[in-house]
Amino acid sequence: MQHKKIDHSKMSQQDKVRLTENIVIESPQFKRITDKMRECHERSKYTSEPRCLLVTGDTGYGKTTLAKHYAKDFPKATNGEGTVIRVLRSSIPSSASIKSMASWLLQDMGDPLPERGTTSSITMRLCRLIKACKVELIILDEFQHLIDRETEQVLITSADWLKSILNETGVPIVLMGMPWSVSILEAVGNDQLRRRFAPRMELKPFGWSNAAEQKEFIKFLMVLEKALPLKKESNLYSGDMPLRLFCATQGVMANLKRLISRAVENALERESEKINIDLLALAYDVELGLGIPGSVNPFRTDPEDLDPFKRPLPPDSGISAGRRGRRRKTGGAKQNISGILRK
């Protein structure tokens, strides 16, 4: 996990907050998935059929960030032959039908009349445009929106549409969605589709159950620290701070980004060049702790009393109660962070 340090001295406060919100750090898990996406992208240029991928994960785990991060290296370009879109990234709208999905993709590609025509004619036009724009990879985010109305007919129709796009264009597709997105690939009569999407990867939050998980989270915080637009060290990765940060966010990337972004904003407003525990406490109250019955602010609590497996979570965190498990002894401030990193 590395992140290039840049000069923040001439940036405005607003730009520094925006930079913090847009920080992307390639954790080992993040890199494994982007490497697999790259493999699908490159291998499909010379294999007999497209190699596809399904990436699942709950809300806030980083699917959209991952999709944007991969696609940014392949910006839309125009040459003498027209527009080239090597990677087509699109987010499926809520309650999408096959027609609306095809229209949405056409719109993202710049078609002037994306909704004109029948489902069949729009799909045919989409396939022609994919070929004309030399698309090499399609990334479809929020894939579960195609199956929100989960009936067998919807599943079969969606699966058949996907298969027709693959067969007609030969372009690999990376699907990203909630865990139940897999049901569309299990639709009756689509063994070919299941085979093409046999590679399936899951985005998970950081863990705290053992030394290896703690080490990965701490290393992530070390890289995050270096990427912050602040002059002084905040020591987010030392002492009891990693435990507090985990208890506040449950290792969910979206929660962590919201918390740190607000803390940076708090620091800049007070003309401070580092984040401290008080600023994190204020950030937690605003971003993650409001409206949660029984919520405990991990930055105003003795570390010996913190339990990373039972903290009440924000409604949009995407973590079910079952994941929290039973209470386990964490050791609080007595944990030797340096020892963890040496293991």
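Any read-out appearing in this document is the output of simple, stated calculations on the displayed coordinates, not a laboratory observation. Nothing here was measured: the structure is a model prediction, and the numbers come from that model. FYI the Cβ positions are ideal-geometry reconstructions off the backbone, even for glycines, and counts take in every protein chain you see.
Pick out, in residue order, every one of the trypsin sites (Lys or Arg not before Pro) in the stretch 84-151 that is DSSP loop and has at most 14 other C-beta atoms within 10 Å; say none if there are none.
Details: sites: ARG86, ARG89, LYS99, ARG116, ARG125, ARG128, LYS131, LYS134, ARG149; in loops: ARG86, ARG116, LYS134, ARG149.
Those that pass, being in a loop and sparsely packed, are ARG116, ARG149.
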*Gain upon complete extension [THR34, ARG200; 0.36 nm per residue less C-alpha separation]*: 58.5 nm
*asked:* Taking R0 as 22 Å, what FRET efficiency do you get between SER164 and GLN107 from their Cβ-Cβ distance, rounded to the nearest 0.05?
replied: 0.65
*Take the Cβ-Cβ distance between LYS76 and ASP191 as r, set R0 to 35 Å, and report the resulting FRET efficiency rounded to the nearest 0.05.*
0.50
*asked:* Between the stretch 154-170 and the stretch 30-103, what is the separation of their alpha carbon centroids in Å?
replied: 16 Å
*Any chance you could check the Cα centroid distance between the stretch 112-141 and the stretch 229-267 for me, in angstrom?*
42 Å
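Normalising by the residue count of the stretch 28-202, find the relative contact order in percent from Cα pairs under 8 Å and 6+ residues apart.
That works out to 33 percent.
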*Label ASP285 and TYR46 with points 7 Å out from Cα along Cα→Cβ: what is the distance between them in nm?*
6.1 nm
_Overall form of the stretch 28-202 per C-alpha gyration tensor (a/c, 1.5; a/b vs b/c)_ = rounded
*What's the extension gain from SER272 to SER120 if we count 0.36 nm per residue and subtract their Cα-Cα distance?*
48.8 nm
*Which FRET efficiency value, to the nearest 0.05, do you get for GLU21 and SER94 by plugging their Cβ-Cβ distance into 1/(1 + (r/R0)^6) with R0 = 30 Å?*
0.80
*Report the label-to-label distance for GLU213 and LYS134 in nanometres (one decimal), using points 7 Å from each Cα along the Cα→Cβ vector.*
4.6 nm
_Modelled label reach - ILE156, point 7 Å along Cα→Cβ, the stretch 180-206 residues with backbone N closer than 17 Å_ = 183-194
